[in-house]
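Comments concern the structure below.
Throughout, read-outs are computed from the coordinates displayed, never taken from laboratory work. Remember, it's a predicted structure, so these values are computed and weren't measured experimentally. A quick note on method: Cβ atoms are made from the backbone with ideal geometry, for glycine too, and the neighbour counts reach across all protein chains shown.
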Amino acid sequence: MKSALRIAIGSLETLLPDWNRYRLREEGVNRRTVYVDTTGVSAGGFGLGEEEKKRLFESGREAAQRFPEKIVPQ
């Protein structure tokens, strides 16, 4: 069972976009993470219009196409 404080902290972590980026770099998972440009769209923005949806979809598609370029064999 989670405490109210733990839930509040988790909510803040979700709303702060750069919160996890530092941890991802430290753990080495940054190179297998697809970053999608969400500029102008809030993490809590659930009422997206059609144009915003299309832009986010296109941004995700472009990020997915670039992703294999950054994978380096170990």
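Working from label points 7 Å from Cα in the Cα-to-Cβ sense, the residue 52 to residue 67 distance is 2.4 nm. Using the alpha carbons alone, the radius of gyration of region 31-74 stands to its Kirkwood radius in an Rg to Rh ratio of 1.09.
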